[in-house]
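Right, one structure below, let's go through it.
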Amino acid sequence: MTTEPAWRKSSRCGTSTCIEVAKVDGHYLIRDSKNPDVAPLQFNEAEWTAFCAGITAGEFRF
């Protein structure tokens, strides 16, 4: 990575146990806010788009 990530979390997050997202050099990064030193998961544009479509479609309900 050439740029420092600007981590964002949901405005609905009321605790320190949230997922954070950043976009750096065309890749989307996801990390657990309570473990910021662990390497984030990394997704390219197509993977991120498919993930977001799955969320919208309700594929990740538990």
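A few notes on this one:
This table checks each residue for (1) at pLDDT below 95; (2) in contact with a Gly (Cβ under 7 Å, 6 or more places away or on another chain).
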site	(1), (2)
ARG8	yes, no
CYS13	yes, no
ILE19	yes, no
LYS34	yes, no
GLN42	no, no
ALA46	no, no
ALA50	no, no
PHE60	yes, yes
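- When ALA39 is tested against (1) free of Cβ contacts under 8 Å to residues at least 12 places away in the same chain; (2) among the small types (Gly, Ala, Ser); (3) in contact with a Phe, Trp or Tyr (Cβ under 6 Å, 6 or more places away or on another chain), only condition (3) is not met.
- When segment 16-43 is filtered for residues that are outside any strand (DSSP E or B) and touching a Cys at 6+ places or on another chain (Cβ under 9 Å), the ones remaining, listed by number, are SER33, LYS34.
- Those residues of segment 48-62 which are in a helix (DSSP H, G or I) and either over 17 Å from ALA22 (Cβ atoms) or touching a residue at least 12 places away in the same chain (Cβ under 8 Å) (or both), in sequence order: TRP48, ALA50, ALA53, GLY54, ILE55, THR56
The values are calculated or read from the model by the stated rules, or taken from the named source; none is laboratory data. All of these numbers come straight from a predicted model, not from anything done at the bench. Virtual Cβ from ideal backbone geometry, glycine too; neighbours counted across all protein chains shown.
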